[in-house]
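Structure record follows, encoded as structure tokens.
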Amino acid sequence: MHELPLLTTTGVALLTALFGGLVARRIGLPPIVGYMLAGIAIAPRTPGFVGDTETMAQLAELGVVLLMFGVGAHFSFRDLWRVRSVAVPGAIVQMLASTALAYGIVRAWGWSPGSSILLGIAVSIASTVVLLRALMERGLLDTAHGRVAVGWLVFEDLATVVILVMLPAIFGHRDVGLEDLAWAVGRAIAFVVLMVTIGGRLVSAVLRAVARTRSHELFVLAALTLALGTALASAHFFGVSLALGAFVAGVIVGESRFGHQVSADLVPFRDAFAVLFFVSIGMLVEPAYLAAHALEVVALTAIVVLGKLAIAGAIVLALGGPLRTALVVGAGLAQIGEFSFIVGQAGVRLGILEGEQYSLILAVAIVSITLNPLVFRVVEKLEGALAGTRLARARPRAPRDVPPETTTLDGHVVIVGYGRVGAHVVDVLDTLRIPMLVVENDTERFDAITKRGCAVTLFGDASSPELLERCGLEHARAVVVALSNDATTELVVTRAREAASSLNILARASSREHAESVVALGASESVDPQLEGGLELVRRLLVSLHVPLEVAQRQADALRIREQRHSSERARVLEQLLRGAPGLEVAWVRVQPESEVVGRSLAETQLRTRTGVSAVAIARDEDVLPNPSPTTRLRADDSIAVIGAREQIDAAIRWLTELRPPVGTSET
């Protein structure tokens, strides 16, 4: 059999990484931990198969290039600018403080100044990959808290790129001077300026020309060529690192109209070679050294997990951020990853770090990434423990003054979240001229809904009891919780129900289980967008197959009833009534405790003669009474399902809630 070290090492590395990643995922750890443990398993210092370290080193370089290209493609000056007041000064202070803390400890161990500084820089930088994965898993990526954390990391990444440019000039030669440093920085600046001014147009022209061929494989080839070619050219002609070249190329491509497609096409390559990069990192770990220096590993891990959590959280609070943002940012930064590895590798190549010292960085990365899910769970409990304290009551700085006094609102709908779902609700209510109040804690969305001028707006987190008090829930007709984060949705539903026991609360659900959960917590109804989308696909498919429309609708309704076990009985009654009474409307009307109809029978209320509607069901406690008899007596807080024309329903609402007969109606 031919000797194929490249294929053999790559195949075994991928297989081992797959096994390690599956095990890590199964026990609730990030797959990166499994990849690095796979590297330890095939390293020369452990028994069994030994991978070719030279081959893995080259594959790791390719992984770095694609990883940095991906980071650049997702880099957004707009996102950074949006959270600049917290992210930029926060990242600078946190990096300096963390570096100084680590520097002081390792200097006490006898490390040289150069190696101490480099290790301090390595432990001050968090992993973007780990942070993004953690935020996505918890539904925090698109929240104000997640945006601050991402902006913080973006600035850290940018600062690290600058550090990587300067390292060779500072540590590459013992007799380096200011001229050498200026020359290195000047070449890097020249490369960036050239890429921004000329490279951007050239890249767009090349991608446009390739896209016109309508060949997907040529487009993928062009994307790979841009990533690798730019990195190699930058290193050869400008003397900058491959990482910087790939990062700048990613930024240029990301700003083009083809950026999203290039990023999507390179994801499989980036992910595969990123796995090999993490495996190669694991192969460099020195188990014997770590066993002999376990206390050092524990001390540095404490700096990364506890020190960075405390430093970042304190900075966010000092800059006026809310407690939740401080905890999310702190937890997200309480680990180190790929950029720390790149900085460490640069230190080894320049002779600043020894292999054993670099192994210490790798060990701290493995432990901190392993602990990161636990850190997020701990800070969630910590937020609950701090509820009601001065820290929790601190209000975030709103981007602009909040309009109007919300306590004067009456008969309005409260919409929590102005994302895609919330925006649809606002559009319809605006068309129908129904008064509404929108709560949003994302500055861009808050500005967008405020500029529309169609609703009263509140900036902040709707899970805050103080903010809910300003929503006038006791006078509201309904609350729509249109958030994508399950935990926040449940918290808002719980607190809204506590504030108004009879309020109609409709909540967006992410799954059947979540729908059952929010209903159990107090939501009147829950809507699963995935289920509704699937039902519409079924209906349209049947219609396209020439199935009669009424048959298609019945099949969709039957599927909804089977799947929507979590929906309340009153929702099903309402839907069935609507299906059987085209042209009419159905509404649930709550009987106010002070209403004069309390204690009367339906016949005695003369509801039909006064308003023209028919009472077709009564929801009482947890039960629904269909087709109630005229002798059924009404109780406080009953919800009556009435059917009729819109103006008749409005008259019934006035009669049952305003404690007086509607003006202009006759009793016949």
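We did not get these values from a lab; they are worked out from the coordinates using the rules stated. Every value quoted in this text rests on a predicted model; they were computed, and no experiment measured them. Reconstructed Cβ throughout: ideal geometry from the backbone, glycine too, with neighbour counts over all protein chains shown.
Quick notes
- Straightening the chain between Ser112 and Leu96 buys 3.9 nm, computed as 0.36 nm per residue apart minus the Cα-Cα spacing.
- Applied to region 226-243, the Karplus parametrisation 6.51 cos²θ - 1.76 cosθ + 1.60 on θ = phi - 60° returns per-residue 3J(HN,Hα) values of 4, 5, 6, x, 5, 4, 5, 5, 5, 5, 6, 8, 10, x, 8, 6, 4, 4 Hz, with x for Gly and Pro.
- Residues whose amide H lies under 5 Å from that of Val413, counting only those 5 or more places away or on a different chain, are Met436, Leu437, Arg477; hydrogens are built 1.01 Å from N in the peptide plane.
- Computed FRET value (nearest 0.05) for Ala314 with His424, which takes r as the C-beta separation and R₀ as 56 Å: 0.90
- The Val348 and Arg212 beta-carbon pair, evaluated with R₀ = 45 Å, returns a calculated FRET efficiency of approximately 0.50.
- Karplus-based coupling profile of region 144-159, in residue order and whole Hz: 4, 5, x, 5, 5, 4, 5, x, 4, 5, 4, 5, 4, 4, 4, 5, with θ = phi - 60° in 6.51 cos²θ - 1.76 cosθ + 1.60 and x standing for Gly or Pro.
- Coil-residue chymotrypsin sites (Phe, Trp or Tyr not before Pro) of region 1-57, DSSP, other Cβ within 10 Å capped at 15: Phe49
- For region 186-233: rounded, prolate or oblate by the Cα gyration tensor [a/c cutoff 1.5]: oblate
- Neighbour net charge for Phe339 - beta-carbon separation under 12 angstrom, K R +1, D E -1: -3
- Over region 406-527, the Kirkwood radius and the radius of gyration, each from Cα atoms, give a ratio Rg/Rh of 0.93.
- Shape of region 5-384, Cα gyration tensor, a/c cut at 1.5: rounded
- Prolate/oblate/rounded label for region 257-383 (Cα gyration tensor, a/c 1.5): oblate
- 5 angstrom amide H check on Ala617, placed H, neighbours 5+ away: Asn627, Ala641
- On the basis of the beta-carbon distance and an R0 of 45 Å, Lys381 and Thr431 show a calculated FRET efficiency of 0.55.
- For region 410-424, the residues whose backbone nitrogen is under 16 Å from a point 7 Å from the Cα of Glu536, taken along Cα to Cβ, are 420-424.
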